[in-house]
Amino acid sequence: MEAVHEHDHSHDHPSGIMRWVKTTNHKDIGTMYLWFSFAMFMVGGVMALILRAELFQPGLQVVEPEFFNQMTTLHGLIMVFGAIMPAFVGFANWQIPMMIGAPDMAFPRLNNWSFWLLPPAATLLVLSMFVPGGAAGVGWTMYAPLTVQQGMGMDLLIFAVHILGMSSILGSINIITTILNMRAPGMTMMKMPLFVWTWLITAYLLVAAMPVLAGAVTMTLTDRHFGTNFFNAAGGGDPVLFQHIFWFFGHPEVYIIAIPAFGVVSQVIPAFSRKPLFGYASMVYATASIAILSFLVWAHHMYTVGMPVEAQLYYMFATMLIAVPTGVKVFNWVATMWRGSLTFETPMLFALGFLFLFTIGGFTGLVLSLTPVDVQLHDTYYVVAHFHYVMVAGALFSAFAGVYFWLPKWIGKMYDETLGKWHFWLSIIFFNVTFFVQHFLGLAGMPRRIPDYSLQFTDFNMISSIGAFGFGLSQLLFLYILIKAIRSGEKAPEKPWEGADTLEWTHLPTPAPYHSFETPPTVK
Amino acid sequence: MSSVASGKGVQFTIVSRRNNSSSQHGRLLVFGSLGLFTLLVAAGFALAGAWPVLPFAGMECVALYLAYRWLQRHDGDYESISIEGDCVVVETRDGGKVQRHELSRYWAQVVVDESVGRRRRVFLRAHGREVEFGRLLCDDAKVGLAKRLRARLSG
């Protein structure tokens, strides 16, 4: 201990591996989420390429059908739970405290635990490939009664889902508490940046939906090992009940992924349009409406189970209703750009890519909401194309936009703009090469989740596979851009984006200090 | 966290409080509605035969309650340092527990722990007793407070 004297120790923090294991700093944890997510994106991506290699031409060339099913399952689960969701939690960790003027998350140790639950869960998922019988080959939807017939890999998958769910719930409670209780003086709810609003709503969805998933997989486990018959028709159970339970979780899950993406885009578009977001209040209400509606439409995934026509009509109209608040958002983004002083740096390009392609995904969703159409297209490649437009072009492009947008604030260095633009153009071209043709395959009747197909589908499958490999390789460029920026990027100016006006840009230096806003700013 | 200085009735007082942006009513509404919705959903599935959703919803409600309870307990946390006659009084409220320490003004020393890699800590020390203060403040504010207090003690 010493006498009183002044030094700036704000950059003192532990170093080495234990810094990352024990850290409670929201920025460190955000960084870990983002790198974990990228690693999982690569693993899930390799699995996707195995699928596309097999589908390059008809017949079985590369893998056995059982392994193909396992890859389908793990690709879906890893991308949803291991890549996209953690990516946006990474953004939340980095950005929410800085955007609301808080020093950290409300429960920093809980935040550390939320992250460190993920690696064991991911390990269980990946290790399940190496146990007797291999990984579960049931699809990410884990439909019964197929789940009852699987090997030990299914049990590992169930435990992994439990752990991932626990991580999500703890993280969500932390985010809700942080946003509610740690806003800087003057930062009223309706002054919060839209990214913060979207995460508040997402956290609500997670808290509401996750126990349902946990219950569903637990019933699957007890059906497999403890003699219950929740879903096993042979024992008096109801396999359709599983679908109801799964999709009650599964449809909000789509918005759990999409809504933070809306938030990122709502920060990026105004910044590069040099205008405030058009219709802020309507954006907040539209996001909340989407979240509420997401709990009311789950059975549109199940039109073909034989539900009464009245139920089909209800789900059809309720699903179509979601297009209204989604349309409000899309038109507001467009109106934000209208007569703006636009520039097209990489974050804006990815945001625009999101806007175009997510809108296409929304439209095909509208097509699928029509019961008579969906009965024809159910479980075809049209559905695969639809949800990849929403998940990849929607969520992933938005995540790329967010990384390029906030990277200077995070590391204090600029990325290579030329390479960033190359990354965007390669991604958007190969993405469309991969997935646009899958609409045609679906309309022609090609079923999803099959390793072999009729000769008539060959050409479009070849195109799709070429696109997939191009898309996958383009993401290595993203890794290179990141490493180059971190190691030798030019020093970022204090405010690299002229139109960015949230607290992290206006009140904090670049890069953001390790501890920020220990004394809250006053927001006017 | 905020600090307020006043001199009413005593020679010197500084009070620091947590920055709470939500009201008790708001918290109850948010956490209560979330828990209620979760339980309603779980009850619906239980009625359809999928009762194992209920325990998970219950566990989640416990987690929500703990978060709510933590916020409530720490809502009124404060720390005050005042100089009253010959005494320096440090009063803290942490999670509902109020502690009051009185030290002799003439023997009290202000010390700062600046161990590298750790947050700064400031203490008042007298007659072998040591009382930490400034826990609700950031590092720079702690040092600032320590300097002001030192000046007052020696003045």
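The values are calculated or read from the model by the stated rules, or taken from the named source; none is laboratory data. Note that the structure is predicted; figures quoted are calculated from it, not measured. Every residue, glycine as well, gets a Cβ built from its backbone with ideal geometry; the counts of neighbours run over all protein chains shown.
Of the residues making up segment B:100-128, those that are under 22 Å from the mean Cα position of the chain (by Cα) and basic (K, R) are B:R100, B:R118, B:R119, B:R120, B:R121, B:R125. A residue that is farther than 26 Å from A:F107 by Cα, at pLDDT 90 or above, assigned to a strand (DSSP E or B) and in contact with a Phe, Trp or Tyr (Cβ under 7 Å, 6 or more places away or on another chain) occurs nowhere in segment B:52-75. With respect to the conditions (1) in a loop (DSSP other than H, G, I, E, B); (2) of a type in the set (F, W, Y); (3) surrounded by fewer than 19 Cβ atoms within 10 Å (Cβ to Cβ), A:W497 falls short on a single one, namely (3). Counting only residues that are among the aromatic types (F, W, Y) and more than 26 Å from the chain's Cα centre (by Cα), which one in segment A:222-278 is nearest to B:G44 (Cα to Cα)? Across segment A:222-278, the extreme among qualifying residues is A:F230.
Residues are listed down the side, and each one gets a yes or a no for (1) loosely packed, with under 14 Cβ neighbours inside 10 Å; (2) more than 7 Å from every other protein chain (Cβ to nearest Cβ):
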residue: B:F31; (1), (2): no, yes
residue: B:A46; (1), (2): no, yes
residue: B:M59; (1), (2): no, yes
residue: B:V62; (1), (2): yes, yes
residue: B:A67; (1), (2): no, no
residue: B:E84; (1), (2): no, yes
residue: B:C87; (1), (2): no, yes
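Restricted to segment A:223-254, and to residues there that are within 7 Å of chain B (Cβ to nearest Cβ) and assigned to a helix (DSSP H, G or I), the residue that is farthest from A:F387 (Cα to Cα) is A:L241. Helices (runs of 4 or more DSSP H) fully within segment A:8-77 that include at least 2 residues being in contact with a His (Cβ under 6 Å, 6 or more places away or on another chain): A:26-54. Being in contact with a helix residue (DSSP H, G or I) (Cβ under 7 Å, 6 or more places away or on another chain), assigned to a loop (DSSP other than H, G, I, E, B) and within 14 Å of another protein chain (Cβ to nearest Cβ) is a property that holds for A:A102. Quick check, is B:L149 at negative phi and modelled with pLDDT under 85? Here the answer is no, as B:L149 does not meet what is asked. Of all residues in segment B:100-136, those satisfying the criterion of being closer than 15 Å to B:S80 by Cα, more than 9 Å from every other protein chain (Cβ to nearest Cβ) and in a strand (DSSP E or B) are B:R100, B:H101, B:E102, B:L103, B:L124, B:V131, B:E132, B:F133. Residue count for segment A:119-157, restricted to those that are in a helix (DSSP H, G or I) and surrounded by fewer than 24 Cβ atoms within 10 Å (Cβ to Cβ): 16. Is it fair to say A:L349 is more than 19 Å from A:L194 (Cβ to Cβ), at pLDDT 95 or above, of a type in the set (A, V, I, L, M, F, W, C) and within 18 Å of the chain's Cα centre (by Cα)? So A:L349 fails the test. Look at B:D113 and say whether it is surrounded by fewer than 17 Cβ atoms within 10 Å (Cβ to Cβ), on the phi < 0 side of the Ramachandran plot and of a type in the set (D, E). So B:D113 fits the description; yes.
Taking segment B:138-155 as the range and being of a type in the set (A, V, I, L, M, F, W, C) and more than 8 Å from every other protein chain (Cβ to nearest Cβ) as the test, the residues that pass are B:L145, B:L149, B:A151, B:L153. For segment B:59-106, residues that are on the phi < 0 side of the Ramachandran plot and touching a His at 6+ places or on another chain (Cβ under 6 Å) total 1.
The number of residues in segment A:166-220 being of a type in the set (F, W, Y) and at the interface with another protein chain (Cβ under 9 Å from one of its Cβ atoms) comes to 1.
Looking at A:W497, A:W505, A:W422, can you tell me which residue is closer than 30 Å to B:R119 by Cα and either away from chain B (no Cβ under 14 Å) or at pLDDT below 95 (or both)? Only one candidate passes the filter, namely A:W505.
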